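To keep things clear, I will list the structure first and then write my remarks on it.
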Amino acid sequence: MATKTDTTPKVALVTGAGSGIGASVVEHFCSRSIQVLAVDFNEAAQEVASERGAAFFKADLTDGEACKAAVNDAIRRFGRVDILVNNAGIQHVSAIESFPEAKWRSIMDLMLTAPFLLTQAAWPSMRENGWGRIVNIASIHAQVASPGKAAYVTAKHGLIGLTKTAALEGGEQGITANAICPAYVKTPLVDNQIADQAKLHNMDEQEVIEKIMLKDAAIKRLIEPAEVAELVGYLASDAAASVTGSSFNMDLGWTAH
């Protein structure tokens with residue numbers, strides 16, 4: 001089985017790279033001389049990528065062909081893909097009875113089908129080089145549920161299943177797969193969730209943070225994106241070669257009850 005030398009720069013593909021966790025992961029990798037293709041639907045993310053020293057690829061990952069094109073672009077630019085971080089996500093808060101079918105499908109396409117297709121497309125490159133790291137940004141909602149989040153919770157639970165299966169299939173090929181399950185991180189996505197939850201529960205936004213988001217947390221604060229990026233960096237490193245099929249809760253003590 002082929003292996004890389006320690007001096008070979010790694011190549012990472014990061015989705016949802018325009019802000020929040022994704023932008024922090026891109027910055028973390030670039031600061032460690034990892035070549036990065038930052039993938040995002042928003043054209044404005046190109047500036048974020050450029051500021052951090054990353055290449056940029058615009059893609060709507062609800063389109064399966066765009067998932068394949070993103071991986072192909074990384075291979076065209078850098079010759080391979082070593083690290084895949086599936087981070088892109090959206091949110092919609094609504095009770096099951098009123099949840100729009102179109103929104104359900106778009107969430108599944110982006111947060112479950114796209115990680116599968118990206119993993120599938122990057123797999124041959126990782127297998128050929130005998131080294132690969134897949135890090136799926138799940139959520140504490142991959143472990144527990146909350147009302148009003150049927151599609152989000154379902155997609156994140158499914159992502160854990162994909163992570164475990166990829167770990168079992170990749171073990172003999174030098175490919176690891178792990179998931180990170182953060183509680184609420186200080187990102188634009190969470191800002192939107194706060195506003196949606198405020199409407200759903202007829203609360204003001206500070207009440208949502210205190211009474212819903214941090215209600216079961218031992219540490220009463222939101223998580224910083226850079227904290228998640230540090231764990232991504234570890235799981236994508238040589239030091240984590242024996243870690244696979246695992247889900248890491250960064251939940252402020254939420255599930256310690």
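Residues that are small (Gly, Ala, Ser) and in contact with a strand residue (DSSP E or B) (Cβ under 9 Å, 6 or more places away or on another chain): list the helices (runs of 4 or more DSSP H) wholly contained in region 1-118 that include at least 2 such residues. Talk me through it step by step, then tell me what you get.
Numbers: elements: 20-31, 45-52, 64-78, 101-108.
Those helices (runs of 4 or more DSSP H) span 20-31, 45-52, 64-78.
Go through (1) hydrophobic (A, V, I, L, M, F, W, C); (2) surrounded by fewer than 18 Cβ atoms within 10 Å (Cβ to Cβ); (3) farther than 30 Å from residue 208 by Cα for residue 121 and report which single condition fails.
(2)
Could you check how many residues of region 7-49 are in contact (Cβ under 8 Å) with a residue 24 or more places away in the chain, open to solvent by 40 Å² or more (accessible area, probe 1.4 Å) and more than 22 Å from residue 63 (Cα to Cα)? Even if it seems obvious, please write down each step before you answer.
To start, the set of residues in region 7-49 that are in contact (Cβ under 8 Å) with a residue 24 or more places away in the chain comprises 9-30, 32-42, 44-45, 48-49.
Filter once more, keeping what is open to solvent by 40 Å² or more (accessible area, probe 1.4 Å): 9, 19, 27, 32-33, 35, 41-42, 44.
Then drop every residue that is not more than 22 Å from residue 63 (Cα to Cα), which leaves 9, 27, 32-33, 35.
Going through region 7-49 one residue at a time, the tally reaches 5.
So which residues in region 183-238 are out of contact with any His (no Cβ under 8 Å at 6 or more places or on another chain), within 20 Å of residue 21 (Cα to Cα) and among the charged types (D, E, K, R), if there are any at all?
Matches in region 183-238: 186, 191, 220, 221, 224, 227.
Kindly evaluate residue 226 against the criterion of being open to solvent by 50 Å² or more (accessible area, probe 1.4 Å), small (Gly, Ala, Ser) and under 20 Å from residue 87 (Cβ atoms). Reasoning before the result, please.
Working: open to solvent by 50 Å² or more (accessible area, probe 1.4 Å): yes; small (Gly, Ala, Ser): yes; under 20 Å from residue 87 (Cβ atoms): yes.
Here the answer is yes, as residue 226 does meet what is asked.
Answer yes if at least one residue in region 148-164 is of a type in the set (S, T, N, Q), in a helix (DSSP H, G or I), open to solvent by less than 30 Å² (accessible area, probe 1.4 Å) and under 28 Å from residue 30 (Cβ atoms), and no otherwise. I'd like the intermediate steps shown before the answer.
Here is the first cut: in region 148-164, the ones of a type in the set (S, T, N, Q) are 154, 163.
Checking the rest, the ones that are also in a helix (DSSP H, G or I) come to 154, 163.
Pick out the ones that are also open to solvent by less than 30 Å² (accessible area, probe 1.4 Å) and you get 163.
Now drop any that are not under 28 Å from residue 30 (Cβ atoms), which leaves 163.
Checked region 148-164: at least one residue is of a type in the set (S, T, N, Q), in a helix (DSSP H, G or I), open to solvent by less than 30 Å² (accessible area, probe 1.4 Å) and under 28 Å from residue 30 (Cβ atoms).
Would you tally the residues in region 182-232 being assigned to a helix (DSSP H, G or I), of a type in the set (Gly, Ala, Ser) and over 20 Å from the mean Cα position of the chain (by Cα)? Let's see the steps before the verdict.
Applying the first criterion (assigned to a helix (DSSP H, G or I)) to region 182-232 yields 188-201, 205-213, 225-232.
Now restrict to residues that are of a type in the set (Gly, Ala, Ser): 195, 198, 226, 229.
When the remaining residues are screened for being over 20 Å from the mean Cα position of the chain (by Cα), the result is 195, 198.
Number satisfying all stated conditions: 2.
In region 60-109, how many are in contact (Cβ under 8 Å) with a residue 24 or more places away in the chain, small (Gly, Ala, Ser) and under 21 Å from residue 19 (Cα atoms)?
Here the count works out to 5.
The values are calculated or read from the model by the stated rules, or taken from the named source; none is laboratory data. It should be emphasised that the depicted structure is a prediction, and the values quoted were computed from it without experimental measurement. Positions of Cβ are generated from backbone atoms using ideal geometry, with glycine treated the same way; all protein chains shown enter the neighbour counts. Side chains are part of the model used for accessible areas, which takes the heavy atoms of the whole protein and leaves out ligands, DNA and RNA. Shrake-Rupley method; radii C 1.70, N 1.55, O 1.52, S 1.80 Å.
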